[in-house]
Amino acid sequence: KEISKFIGIATNNIAELEAIRVGLSELKDTRLAVRLYTDSAYAHGVLTLGWKAKKNQALIRAIKTRMAVLKDLRLIKVKGHAGDEGNERADRLATTAIKEGISNL
């Protein structure tokens, strides 16, 4: 399932976190193995490496709450714009949603 939406004017960090939040919220069976790929060092750091966030704390808390109920979840850091097809597809979806959202403002 592919999901993309315009979230308005926001930082890249917020957009990365919101994408993770929405994706995890779509999972109905918490027993499924979930592999979440991200090219965001920030999202990976605050969600899995114990980085202390000064901003976006409510959003991070919401994601961590959802993460806690998933039985088999791994966040995997990938290099952005390096030819990974899944990452390139996610980038195209995000870019299209932004362009469509801005044109509708």
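The values are calculated or read from the model by the stated rules, or taken from the named source; none is laboratory data. Bear in mind that the values here come from a model prediction, so they are computed numbers and not experimental data. Here the Cβ is made from the backbone with ideal geometry for all residues, glycine too, and neighbour counts use every protein chain on show. The area values use the complete protein model at the heavy-atom level, side chains included, leaving out ligands, DNA and RNA. Shrake-Rupley method; radii C 1.70, N 1.55, O 1.52, S 1.80 Å.
Side notes on the structure shown:
- From phi via Karplus (6.51, -1.76, 1.60), per-residue ³J(HN,Hα) for region 69-83 in Hz, x at Gly/Pro: 8, 7, 6, 9, 10, 10, 8, 10, 7, 10, 7, x, 6, 10, x
- The fraction of accessible area contributed by carbon and sulfur in region 36-105 is 55 percent, rounded to a whole number (1.4 Å probe; ligands and nucleic acids excluded).
- Applied to region 94-105, the Karplus parametrisation 6.51 cos²θ - 1.76 cosθ + 1.60 on θ = phi - 60° returns per-residue 3J(HN,Hα) values of 5, 4, 5, 4, 5, 4, 5, x, 5, 5, 8, 6 Hz, with x for Gly and Pro.
- One quarter of the convex hull surface built on the alpha carbon atoms of region 1-54 amounts to 4.7 nm², the projected area averaged over directions.
- Sequence-distant contacts, meaning Cα pairs under 8 Å at least 6 residues apart, place the relative contact order of the chain at 40 percent.
- Projected over all directions and averaged, the alpha-carbon convex hull of the chain occupies 7.0 nm².
- If R0 equals 30 Å, the separation of the Cβ atoms of Asn12 and Val69 corresponds to a calculated FRET efficiency of about 0.65.
- Under the convention that each Lys and Arg Cβ holds +1 and each Asp and Glu Cβ holds -1, the size of the dipole of the chain around its Cα centre is about 520 debye.
- Entries in Lys1/Lys71; Lys1/Lys77; Lys1/Lys79; Lys52/Lys99; Lys5/Lys55 that, when Cα-Cα distance is taken, lie over 29 Å: Lys52/Lys99
- Taking Cα atoms only, the orientation of helix 12-25 departs from the longest principal axis of the chain by about 60 degrees.
- A helix-only calculation puts the chain at -16500 deg cm²/dmol for mean residue ellipticity at 222 nm, using -39500 (n - 2.57) for each DSSP H run of at least four residues, averaged over all residues.
- The gain in end-to-end length when the Lys1 to Lys54 segment is fully stretched comes to 15.9 nm, 0.36 nm per residue minus the alpha carbon separation.
- Sequence-distant residues sharing a close amide H with Val34 (under 5 Å, placed H): Asp72, Leu73, Arg74
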